[in-house]
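So the structure is just underneath, and the comments pick up after that.
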Amino acid sequence: MSPEEGESGGLPRQVSLARLREFGINPKRSLGQNFLVDDNILGLILDRLGPSPADVVLEVGAGLGVLTRALARAAGHVHAFEIDRSLEPALSSTLGEESNVSVHFADVLDADLGALEPAPTLCGSNLPYSPAAPFLAESAWRLPGIRRYTVMLQREVADRLMARPGTKSYSGISAWIQLHFDVVDHRPLSRAIFYPRPNVDSSLLTLERAVKDEFVTQRPAQLRRVIDAAFQQRRKSLVNSVSSSLGIDKPAVIEALAAAGFDPKARAEELPPMEFVKLSGAVTGLMEMP
Ligand code: SAM
């Protein structure tokens with residue numbers, strides 16, 4: 001069966017497939033190159049993201065440029081990151097006349113996101129698998145001007161971002177993301193909208209910025225360190241995990257946590273996100289910050 005046939009039952013899926021054929025591209029699984037081949041999803045992403053000509057959209061993983069072009073037509077400017085320079089001819093061909101796109105051929109995880117000009121106000125992307133979670137964690141605080149993300153990502157990552165305390169998926173990134181955003185929409189996606197078809201399920205997730213406490217923006221580096229430390233040994237008590245991961249004397253941690261009203265047996269995996277703000281405040285004087 002050719003990639004154009006079957007699978008999604010006659011949905012429009014021409015642009016990416018035409019580019020692959022025209023430029024003889026073999027998608028690289030190692031880079032998460034599962035290209036969007038169902039044009040209907042473009043409308044869904046634009047609807048959830050809601051870009052206007054006043055917006056600057058950040059896209060991670062431009063690929064063959066199908067989403068980039070749709071974003072460029074709705075927004076004032078687009079910053080599109082793509083790690084694979086071999087896609088340049090196909091990407092330029094798709095972008096054609098669009099003059100409001102800055103293409104950055106770079107690993108988004110190495111980029112100085114805070115230096116982007118004009119500064120992004122939205123993020124719309126079909127995220128590559130492996131950098132998805134670290135990118136979201138980093139951009140949450142490096143790019144405070146982004147008010148909404150509408151991103152396609154692995155279902156398992158989406159579940160972690162939305163997870164509630166006490167569940168298997170709840171982890172440091174759940175707390176960190178939920179301290180910055182509300183999840184306003186989650187939609188499971190069919191594997192048939194990608195070529196090649198991925199081996200895992202995906203979701204379309206929309207996050208709206210809703211910072212839960214001023215500590216989150218005032219002391220982000222400290223908060224992140226404390227969350228990471230607390231989850232480093234998720235089955236241990238907070239006292240043990242925090243003291244060993246941050247290298248602070250255990251008696252000092254016991255005293256600080258007791259003064260802040262923490263149950264001495266509490267564990268990170270049970271704490272709601274706001275409790276990590278309280279925990280960070282409690283250990284402030286004990287931590288060495290650069
Ligand atoms: N936007 C295109 C689409 O929807 O068809 C492509 C999406 S594909 C899931 C992800 C893209 O991210 C690939 O083109 C891949 O080369 C690129 N990519 C992978 N890792 C990256 C990274 N660290 N930084 C920037 N781009 C990356």
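For the chain, a Gaussian network of Cα nodes joined below 10 Å ranks A54, A74, A62 by mean-square fluctuation, and the top entry is A54.
Computed extension gain for D112 through N26, at 0.36 nm per residue and net of the alpha carbon distance, reaches 28.0 nm. For the chain, a crude dipole built from +1 on the beta carbon of Lys and Arg and -1 on the beta carbon of Asp and Glu, taken about the Cα centre, is about 760 debye to the nearest 20.
Diagonalising the gyration tensor over the Cα atoms of segment 216-286 and scaling each eigenvalue by 5 before taking the square root yields semi-axes of 16, 13, 12 Å, largest first.
Highest GNM mean-square fluctuation among R73, R164, R219, for the chain modelled with Cα contacts below 10 Å: R219.
If R0 is taken as 51 Å, the Cβ-Cβ distance between E270 and E88 corresponds to a FRET efficiency of 0.60.
Between the residues F105, H79, I177, the greatest Cα displacement towards the positive end of the dipole of segment 15-211, with unit charges on the Cβ of Lys, Arg, Asp and Glu, is found for I177. Counting beta carbons within 10 Å around each of W141, W176 and listing the fewest first gives the order W141, W176.
Counting every other Cβ atom within 10 Å of each residue's Cβ, I45, I248 order from fewest to most as I248, I45.
Nearest 0.05, what FRET efficiency do A252 and D185 give at R0 = 41 Å with Cβ-Cβ as r? After rounding to 0.05, the efficiency reads 0.40.
Our summary of shape: the Cα atoms of segment 114-163 have principal axis extents of 32, 19, 17 Å, ordered from largest down, in whole angstrom. Full extension of the chain between F105 and R209 gives 34.7 nm of extra length, using 0.36 nm per residue less the Cα-Cα distance.
Taking S92, S130, S30 in turn, the Gaussian network model of the chain (Cα-Cα springs below 10 Å) assigns the largest fluctuation to S30.
Our helix-only sum for the chain, with -39,500 (n - 2.57) per DSSP H run of n ≥ 4 divided by its residues, gives a mean residue ellipticity at 222 nm of -11500 deg cm²/dmol.
Rounded to the nearest whole Hz, the Karplus-based 3J(HN,Hα) values (6.51 cos²θ - 1.76 cosθ + 1.60, θ = phi - 60°) of segment 216-230 follow the sequence 4, 8, 7, 9, x, 5, 5, 4, 5, 4, 5, 4, 4, 5, 5, with x at glycine and proline. With no solvent and one equal point scatterer placed on each C-alpha of the chain, evaluate the Debye formula and give log10 I(q)/I(0) for q = 0.07 Å⁻¹, two decimals. Taken in order of the listed q values, log10 I(q)/I(0) reads -0.30. For segment 139-290, the spread of Cα positions along the three principal axes, ordered from largest to smallest, is 55, 32, 25 Å. What's the angle, to the nearest 10 degrees (0 to 90), between helix 40-49's Cα axis and the longest principal axis of the chain? Approximately 40 degrees, to the nearest ten. When only Cα pairs under 8 Å and 6 or more residues apart are kept, what is the percent relative contact order across segment 15-211? Computed value for segment 15-211: 21 percent relative contact order. Relative to the longest principal axis of the chain, what angle (0 to 90°, nearest 10) does the C-alpha long axis of helix 129-142 take? Between the helix axis and the principal axis of the chain, the angle is about 60 degrees. So if I take the centroid of the Cα atoms in segment 101-148 and the same for segment 190-258, what is the distance between those two points in Å? First find each Cα centre; the distance between them is then 19 Å. Ordering M162, M152, M274 from the fewest to the most neighbouring beta carbons within 10 Å gives M274, M162, M152.
Coordinate-derived values only; no laboratory data. Everything numeric in this text was worked out from a predicted model, so none of it was measured. Counting neighbours? That spans all protein chains shown, and the Cβs are built from the backbone with ideal geometry, glycine included.
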